[in-house]
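Working notes, beginning with the structure itself.
The values are calculated or read from the model by the stated rules, or taken from the named source; none is laboratory data. The structure displayed is predicted, hence computed values, not measured ones. Virtual Cβ from ideal backbone geometry, glycine too; neighbours counted across all protein chains shown. These accessible areas exclude ligands, DNA and RNA; they are computed on the full protein's heavy atoms, side chains included. Shrake-Rupley method; radii C 1.70, N 1.55, O 1.52, S 1.80 Å.
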Amino acid sequence: MTLVAFDFDGTLSDSEMTVLLGERIDELNPDSEQPVAEEMDAITARAMNDEIGYAESLRERAGLLSGLSLSDAKAAFDRVALRPGSADLIAALNAAGVTTAILTGGFQRGVEAALEHEGVTVDHVIANRLPAADGELTGEVGGPLVEGTKDTALENLAETEGVGMEETVAVGDGANDLPMLEVAGLAVGFEPKPAVEPACDVVVSSMAELREVLAEEDVLVAVE
């Protein structure tokens with residue numbers, strides 16, 4: 001058996017969930033001097049380049065979302081989309097009997113919306129959540145990958161599935177993916193940030209390239 005674990009934002013998707021949520025706030029407040037989406041993007045870039053801690057960056061971004069209604073949050077999550085080729089690759093892995101997982105510091109609702117839209121599923125989703133009260137986001141964030149790291153998450157999944165770590169594949173792009181890339185049997189960087197690339201066994205820039213790599217590694221029998 002093999003376990004393939006994907007990062008989501010920047011890997012399976014070229015969306016960035018917190019930015020989409022920020023854009024929704026900006027749409028509701030068009031006269032704001034400082035667009036929230038720009039603040040989100042700047043914080044995200046610093047975190048992905050390992051300039052600030054991921055937990056700190058996530059809390060900063062979540063704080064900017066305080067007061068956003070659940071209906072507006074849903075509208076933002078409905079814009080989350082899979083990168084071209086992602087759905088086909090996931091479907092091929094599922095058909096091949098490979099265990100598939102998404103490990104993301106992003107939010108479960110956005111992951112679910114994107115998968116639902118494409119009609120595909122994965123075996124495991126480990127993601128964070130945005131608490132709400134009185135129909136609005138509180139500005140807080142919770143979940144297993146706020147303080148928790150993706151190496152532990154991957155190791156726990158491998159143990160649950162009865163897969164040796166040498167049989168795991170991790171695919172990611174940012175600094176918070178480094179822990180799982182460093183412990184996986186095969187570390188694949190998807191257009192990785194400069195601080196991440198040294199930890200990668202191979203680098204790809206499209207889902208088609210990733211599919212070829214997985215075929216070469218006998219994770220998929222062949223590229224269709």
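Of all DSSP-defined beta bridges confined to the chain, some 15% are antiparallel rather than parallel. Derived scalar couplings between HN and Hα for the stretch 153-162 equal 4, 5, 4, 5, 5, 4, 5, 4, 8, x Hz in order, rounded to whole Hz, by the Karplus curve 6.51 cos²θ - 1.76 cosθ + 1.60 (θ = phi - 60°), x for Gly and Pro.
Residue order by solvent-accessible surface for ILE102, ILE25 is ILE25, ILE102, largest first, with ligands and nucleic acids left out and a 1.4 Å probe. When nucleic acids and ligands are ignored and a 1.4 Å probe is applied, GLU155 ends up with an accessible area of around 80 Å². So if R0 is 35 Å, what FRET efficiency would VAL202 and LEU70 give, r being the distance between their Cβ atoms, rounded to the nearest 0.05? Here the calculated transfer efficiency is 0.30.
Carbon-plus-sulfur fraction of the accessible area of the stretch 52-163, 1.4 Å probe, in percent?
46 percent
What FRET efficiency do you get for ALA91 and ASP14 if R0 is 22 Å and r is their Cβ-Cβ distance, rounded to the nearest 0.05? List each step's numbers first, then the result.
Details: r = 19 Å, r/R0 = 0.86.
My answer for the efficiency is 0.70.
When only alpha carbons are used to place a centre, the stretch 1-33 and the stretch 159-224 end up 21 Å from one another. On a per residue basis, the stretch 96-208 carries 42 Å² of accessible surface, using protein heavy atoms and a 1.4 Å probe. Only protein heavy atoms count here; on that basis, with a 1.4 Å probe, SER71 has an accessible area of about 80 Å². If a spin label sat at a point 7 angstrom from the Cα of GLU216 along the line to its beta carbon, the backbone N atoms of the stretch 174-204 nearer than 15 Å would be those of 186-191, 200-204.
Each Lys and Arg adds +1 at its Cβ and each Asp and Glu adds -1 at its Cβ; summed about the Cα centre, the chain shows a dipole of about 420 debye. Protein-only accessible surface at a 1.4 angstrom probe places the residues LEU3, LEU20, LEU70 in the order LEU70, LEU20, LEU3, largest first. Highest mean packing first, where packing is the average number of other Cβ atoms within 10 Å per residue, the peptides 162-168, 13-19, 146-152 line up as 13-19, 146-152, 162-168.
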